[in-house]
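Input: a single structure, listed below in structure tokens.
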Amino acid sequence: MSINARTLSTFLAATLGPLCFASIAACRAPQAASSAPAIQLTPYTAPDQTASAGVPAGWKVVSGEQTVITMTGPNGETVQLGEVAVALNAPFQLGKSPGAGIELSMPYSTPLAQKLTLILQQGATLSGNPVPTVSITSNTPIQIPASIAVCGRIVASLNGSAGAKDMLAVLCSMPVDAGGTYKNIILLAEAPVATAAQAAPIARAIFGSYRLPAAWLQKKVAPFQAAPAAPAAKGGKPLTAAEANAETAMILRQTQQMVNAGNNAANCFDLSVLRETPTPLLPRSCGGNAP
């Protein structure tokens with residue numbers, strides 16, 4: 001989904017555990033909260049079958065396609081699951097988009113919470129809205145190998161064209177690809193300050209229900225720009241039969257390696273970010289201790 005299409009208050013799915021909106025009331029009495037009745041959700045699957053999530057009573061789905069689901073609540077809440085902001089690994093330029101599906105320039109080394117701020121500000125600017133003020137309350141890293149993604153759960157407040165909101169977000173920056181770009185996969189829930197405490201457990205339940213079919217999850221975490229294919233000729237001359245066979249074998253090895261890496265990235269992303277599997281229970285390829 002393009003940043004140009006809407007103000008990017010985005011965010012990536014997960015059960016947020018102890019995270020609360022930036023409201024003290026939302027974090028009170030954790031033991032009582034843990035014994036509260038489970039939030040009842042009605043299953044929803046996007047018409048194109050690319051994603052699913054649960055919808056609470058009184059909420060409605062605004063859109064669902066291409067792995068992204070957006071829904072709104074009765075008190076001004078909004079939840080967006082699975083948005084992607086593609087960034088060029090270059091100095092940030094507010095309001096300037098590199099184009100060709102790349103929404104913004106942003107150094108990969110930018111701290112994760114600041115990335116969320118820049119993405120939100122870029123989205124607002126490209127939509128013709130005032131630049132919002134974003135205040136980060138907390139940023140909790142998600143334990144996942146950096147070779148797969150750098151992820152975190154973020155609590156923040158946003159003051160923009162729609163007024164003051166509190167936010168829960170999960171943001172994952174995938175590695176920089178062969179074209180110097182990288183995906184930022186985002187899940188976000190926001191609510192007016194006055195209702196954020198009541199919305200927090202509902203948002204967490206929605207996050208925890210978000211699922212992608214394996215094939216679409218692999219596409220989601222795949223590089224935006226794939227590595228260029230190996231040259232079909234050497235020094236401008238046709239390859240000999242032996243060279244062609246060797247190159248074919250190399251391409252097959254590289255392809256299998258990329259497939260294996262993609263499968264592992266999707267599996268680790270699903271286990272660590274979406275399902276919040278405790279780190280010791282993750283497979284070793286995902287940074288855990290399990291075989």
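The values are calculated or read from the model by the stated rules, or taken from the named source; none is laboratory data. Predicted model only: the values in this text are computed from it and were never measured. As a convention, Cβ positions derive from the backbone with ideal geometry for all residues, glycine included, and neighbour counts pool all protein chains shown.
Just a few scattered comments:
- Scanning the stretch 186-206 for residues that are out of contact with any Gly (no Cβ under 7 Å at 6 or more places or on another chain) and closer than 15 Å to Cys151 by Cα returns Ile186, Leu188.
- Which listed residue is at pLDDT below 95 and either outside the structural domain of Glu190 (by TED's automatic domain parsing) or out of contact with any helix residue (DSSP H, G or I) (no Cβ under 6 Å at 6 or more places or on another chain) (or both), from Leu12, Leu8, Leu16: Leu12
- Looking only at residues of the stretch 114-124 that are over 13 Å from the mean Cα position of the chain (by Cα) and within 19 Å of Asp166 (Cβ to Cβ), we find that the one that is surrounded by the most Cβ atoms within 10 Å (Cβ to Cβ) is Leu120.
- Inclusion of Ala200 among residues that are over 15 Å from Leu118 (Cα atoms), in contact (Cβ under 8 Å) with a residue 12 or more places away in the chain and assigned to a strand (DSSP E or B) is not warranted.
- Entry remark, the stretch 71-89: residues being surrounded by 19 or more Cβ atoms within 10 Å (Cβ to Cβ) and either of a type in the set (Ser, Thr, Tyr) or more than 18 Å from the chain's Cα centre (by Cα) (or both) number 3 in total.
- Contacts under 8 angstrom Cβ, first residue in the stretch 111-123 being more than 15 Å from Val155 (Cβ to Cβ), partner at pLDDT below 95 and in a helix (DSSP H, G or I), 6 or more apart: Ile119/Ile3; Gln122/Ile3; Gly123/Ile3
- Lone qualifier among Gln218, Gln225 - being under 19 Å from the mean Cα position of the chain (by Cα), free of Cβ contacts under 8 Å to residues at least 60 places away in the same chain and outside any loop (DSSP other than H, G, I, E, B): Gln218
- Test: residue in the stretch 173-186 that is farther than 30 Å from Ala265 by Cβ and not in a helix (DSSP H, G or I): no
- Residue selected from the stretch 219-240 under the condition surrounded by fewer than 18 Cβ atoms within 10 Å (Cβ to Cβ) and modelled with pLDDT of 70 or more, by the criterion farthest from Leu274 (Cα to Cα): Thr240
- Counting only residues that are touching a residue at least 60 places away in the same chain (Cβ under 8 Å) and either within 13 Å of Asn184 (Cα to Cα) or part of a strand (DSSP E or B) (or both), the stretch 63-91 holds 15 of them.
- Subset of the stretch 105-131 [among the polar types (S, T, N, Q) and either in a loop (DSSP other than H, G, I, E, B) or touching a Lys or Arg at 6+ places or on another chain (Cβ under 6 Å) (or both)]: Ser109, Thr110, Ser127, Asn129
- On inspection, Ala203 qualifies as modelled with pLDDT of 90 or more, out of contact with any helix residue (DSSP H, G or I) (no Cβ under 8 Å at 6 or more places or on another chain) and buried (at least 20 other Cβ atoms within 10 Å of the Cβ).
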